[in-house]
Amino acid sequence: MEGALFWVGLTGGIDYTIIYGSSVVSTETLKEMAVANVIHLVQDLLAKGAKYMIVQGPIGKAHKSVIDAPNALLQQQLDQVRKQNPNATILFADFNRAFTYNRMNAEKNGFQKPPMICCANATHPCGMLGPTLCADPSKYMRWDGLHSTEALNAVFDNQFFHQGYTKPPFHSLFTNRKAA
């Protein structure tokens, strides 16, 4: 466990999107519950010997403040976990910031503008009769409205590994591993 890299990802994005504007559960309660669950998982992994983790923040179509609030709380909580576990390297991957940048700058990475879905339409999801597949998935950011295409995942990889979309920077995993 101590030499493995754990990626804790895509936590709560759909929940934030669904709950936004609902009277059933407040966004504040959802934020606190989701972040508490992620921190609990991180602490469990650390207790089992994990030393290297990337924790990916949520993404969603909800109002920007609904996603920014859990991202901020998650980063604060991760700072506390880092202080309690100085021998571990825990990165926060700002998936929402990366996705927002890509959506706003789709053409820079060769994606269609506005970003379109490759396999689905307004009434039929991918896998059902009705929607047709796009001719070139590399021109699309989303496969089915929820899942990223391989082309977008390659852009995310570059953003996380080389462009500063993790805190601390991704290279700190290697620096800290060599020092251990």
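Considering each residue of region 142-156, count those that are at pLDDT 90 or above and in a loop (DSSP other than H, G, I, E, B), and give that number. Explain how you work it out, then say what you get.
Just the residues of region 142-156 that are at pLDDT 90 or above, to begin with: 149-156.
Retained after the next criterion (residues that are in a loop (DSSP other than H, G, I, E, B)): 149.
Selection size over region 142-156: 1.
When you scan region 69-106, how many residues do you find that are closer than 21 Å to Q163 by Cα and among the basic types (K, R)?
The qualifying residues number 2.
Restricting to region 47-77, give me the number of residues that are open to solvent by less than 40 Å² (accessible area, probe 1.4 Å), more than 15 Å from F6 (Cβ to Cβ), at pLDDT 80 or above and not in a loop (DSSP other than H, G, I, E, B).
3
Mind listing just one residue for me: the one in region 159-174 that is surrounded by 13 or more Cβ atoms within 10 Å (Cβ to Cβ) and assigned to a helix (DSSP H, G or I) and, of those, modelled with the lowest pLDDT?
Filtering first and then ranking leaves L173.
When only residues in region 82-128 that are in a helix (DSSP H, G or I) and hydroxyl-bearing (S, T, Y) count, which is modelled with the lowest pLDDT?
Going residue by residue through region 82-128, those that are in a helix (DSSP H, G or I) are 82-84, 95-104, 106-109.
Filter once more, keeping what is hydroxyl-bearing (S, T, Y): 100-101.
Details: T100: 86, Y101: 91.
Out of the qualifying residues, it is T100.
The values are calculated or read from the model by the stated rules, or taken from the named source; none is laboratory data. In this text, all values refer to a predicted model and were calculated from it rather than measured experimentally. Note that we place each Cβ from the backbone using ideal geometry, even for glycine, and neighbour counts take in every protein chain shown. Ligands, DNA and RNA are stripped out before the accessible areas are found, and what is left, the full protein with its side chains, is counted by its heavy atoms. Shrake-Rupley method; radii C 1.70, N 1.55, O 1.52, S 1.80 Å.
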